[in-house]
Amino acid sequence: MHTDVLIVGAGPTGLALGIDLARRGVDALVVERDESLFPGSRGKGIQPRTMEVFDDLGVLDAIRAAGGGYPVGMLWQDGKRTGEHQMFDPAEVTEDSPYDEPWMVPQWRTQEILFARLEELGGKVLFGREVVGLTQDTDGVTVAFAAGGSVRARYAVAADGGRSVVRRTLGIAMTGETVDPNPTLVADVRITGLDRDNWHLFPPRGEGDGFLAICPLAGTADFQVAAQFTDGSSVDISLEGVRKVVAARSHLAPEDVTEVRWASNFRPRAALADRFRDGRVFLAGDAAHIHSPAGGQGLNTSVQDAYNLGWKLGAVLRDGAAEALLETYEEERRPIAAGMLGLSTSVHRGEVRRGGATRQLGIGYRESSLTTETREAPGPLHAGDRAPDGTVDGVRLFDAFRGPHWTLLALGAEAPELPESIGVVRGAAQEPYGTGLFLVRPDGYVGWAGATGDGLREYVERAAR
């Protein structure tokens, strides 16, 4: 079997990348070791920047319909409510940032939506394909599976999670630290005796106890239970084990937990792959960076890895761009991942609140070799920054950006002639852009900015073919 891109892992990263490649006409195949999609809630927070990505990938309406906003935290002590706890710093919806707060969707539901979109675009996932070998040469990659057979691809992407077989096969090490030496239980349960209007928080009752949090999962009848174990005891993920910890740390009776639908235990850690590329193989998502779940950065950083890599693979495979473009994937994404790992760890340790940084709207690529800023005195928006939403001459910018193309904003400046594949929006000066020319990449970042078109055609030839 032959394909242009083989994606190993059908989690949010692999599915998002599959969608992005499929809409570009790239022949891509997703393979998954398990026989079905991941069944748990693990990554349940979709940050505002990822909502913008999902808008572009065509799944935003389904994501919004499937989830809901985060409820207010409610502190309990001895069976009584003792006060509310604001889980997130408030944000204000503005025209340039239409999605203000994280949106809760259980990971299993997010994956179902991405999977449906991939199939809608003609993409495919092969389940039950466990990778047991990988070799590569100057022309491509050959991946072998435990059930027999192999796939030959021009490029491969490891999106197979924190224990990535592909990463280990390549011999790429991860450097990191244990964020919390204590194990944590996470389970999706059916429960009675609690309202669904609050995220219920039960502080430790005494020495050796850990926290208990019970959060209603938006769009479902389930709750997510999270319990930390600080006394050295093992974590029992059975129904009886979950009932025991819930009853011991709250006012609920064991029988109030009526069903455990999925359960897992882990020790929070932060780790970063030493490199994100080996020849024709790229690492993305948890295969490249492992986060504490605090602050909801892992899934979101992973989806944005896919979003960054997808347009670059498409440009090389379909648009005739130089293969050197692919070198910018690690250049741009590894520093971002390192920063998000630090943020996740700080949130976990209570050093930083969930606020502006965790929404990921401020992430950018000002230092990238793909970024060119030609203005002597840029305004607040620089080349390399996220391209904000807005309305120019009656056109909503996110509508103009949507799709696998580059877009030139000509705001109070004359637009030079460019290839027809690049969309053009003309209008008067627009804040926070100001006046000038802004070439927006397919992933929604300003690649080139200038007061005039001097140098723009050269940039297009180099980066935007």
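Here are a few things to note about the model shown:
- Residues satisfying the stated conditions in segment 229-270, i.e. β-branched (Val, Ile, Thr) and either surrounded by fewer than 18 Cβ atoms within 10 Å (Cβ to Cβ) or more than 32 Å from the chain's Cα centre (by Cα) (or both): Thr230, Ile237, Thr258
- Residue within segment 370-378 that is at pLDDT 95 or above and among the hydrophobic types (A, V, I, L, M, F, W, C) present: yes
- Residue satisfying all of: in segment 37-50; surrounded by fewer than 23 Cβ atoms within 10 Å (Cβ to Cβ) and not charged (D, E, K, R); nearest to Tyr70 (Cα to Cα) among these: Pro48
- Condition check for Ala324 on (1) under 25 Å from the mean Cα position of the chain (by Cα); (2) assigned to a helix (DSSP H, G or I); (3) crowded, with 20+ Cβ neighbours inside 10 Å: one failure, at (3).
- Checked against the criterion of being in a strand (DSSP E or B) and at pLDDT below 95, the candidates Thr142, Thr135, Thr175 yield just one match: Thr175.
- Considering only residues in segment 51-74 that are in contact with a helix residue (DSSP H, G or I) (Cβ under 8 Å, 6 or more places away or on another chain) and either part of a loop (DSSP other than H, G, I, E, B) or acidic (Asp, Glu) (or both), the one that is most open to solvent (accessible area, probe 1.4 Å) turns out to be Gly58.
- Check on Glu259, touching a residue at least 60 places away in the same chain (Cβ under 8 Å) and outside any loop (DSSP other than H, G, I, E, B): yes
- Test: Asp34 is at pLDDT 95 or above, surrounded by fewer than 23 Cβ atoms within 10 Å (Cβ to Cβ), of a type outside the set (A, V, I, L, M, F, W, C) and part of a helix (DSSP H, G or I): no
- Asp100 closer than 30 Å to Phe202 by Cα and either open to solvent by 30 Å² or more (accessible area, probe 1.4 Å) or assigned to a strand (DSSP E or B) (or both): yes
- When the test is whether a residue is open to solvent by 10 Å² or more (accessible area, probe 1.4 Å), of a type in the set (A, V, I, L, M, F, W, C) and in a loop (DSSP other than H, G, I, E, B), Ala226 does not pass it.
- Test: Asp160 is open to solvent by 30 Å² or more (accessible area, probe 1.4 Å), closer than 30 Å to Leu126 by Cα, touching a residue at least 12 places away in the same chain (Cβ under 8 Å) and among the charged types (D, E, K, R): yes
The values are calculated or read from the model by the stated rules, or taken from the named source; none is laboratory data. All of these numbers come straight from a predicted model, not from anything done at the bench. In this analysis, Cβ positions are derived from the backbone assuming ideal geometry, glycine residues included, and neighbour counts consider all displayed protein chains. Keep in mind that these areas ignore ligands, DNA and RNA; they rest on the heavy atoms of the full protein, side chains included. Shrake-Rupley method; radii C 1.70, N 1.55, O 1.52, S 1.80 Å.
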